[in-house]
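What follows is one structure encoded as structure tokens, with my remarks underneath.
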Amino acid sequence: MSSSRTQSFMFLLESMTTYITICVMYQISKTCIYHGASTSLLQRQEIKNLYNMNVRKVILMGLPPIGCAPYYLWRYNTKNGECIEEINDMILEFNFVMRYMIEEIGLELPDAKITFCDMYDGSMDIIKNHELYGFNVTADACYGLGKYKGWIMCFALEIACNNATNPVGSIPSN
């Protein structure tokens, strides 16, 4: 993969990470509306850059329900492990903007195949129906400190969950 392609791919990932940091970690709601729109414009340009380098197939990952992650359950001191609606609303807004942007780019670049991968709905289905998927608990991480084991979570693969029926919150993306 060329250096320019790599830079464009990395930018797409970095812009989502920045959104999470600014909007979710610091809860700057007014900034998030602007940042979500500006992120969309920047991502649009990066997708066009990839297109100009003959990339025709792109998968743009949406964000999962981060408001259900053990860290945020701990940080907001939820009583029963319920997801933080305010955070998930920001994630839904971001995903909506990304979906809309993909539709618009599809009209501009008709031979490009840009797919939005919805991480949110699939993750929420697993969280709400965890028993159907073979999980025991949804709120707790499998390893960590604090309520929901969310204060300091497991970062070392050596101590990650070995049991597939462990909590949904132990999924590395959470």
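Would you list, by chain and number, the lysines whose Cα falls below 18 Å from the Cα of K48, excluding same-chain residues fewer than 8 positions away?
K57, K113
Mind giving me the nanometre distance, one decimal, between the label points for D111 and D89, set 7 Å out from Cα along Cα→Cβ?
Result: 4.5 nm between the two label points.
Report the gain in length on full extension from R56 to E103: 0.36 nm times residue separation, minus Cα-Cα distance, nm rounded to one decimal.
Full extension from R56 to E103 adds 15.4 nm.
Spin-label point model (7 Å from Cα, Cβ direction): what's the N77 to D118 distance in nm?
Output for this residue pair reads 3.6 nm.
With labels modelled as points extended 7 Å from the Cα through the Cβ direction, what inter-label distance (nm, one decimal) is found for N136 paired with R44?
Calculated label separation equals 4.9 nm.
Computed from the coordinates by the stated procedures, all read-outs in this text should not be read as laboratory data. No experiment lies behind these values; they were computed from the predicted model shown. For neighbour counting, all protein chains shown are included, and Cβ atoms are generated from backbone atoms with ideal geometry for every residue, glycine included.
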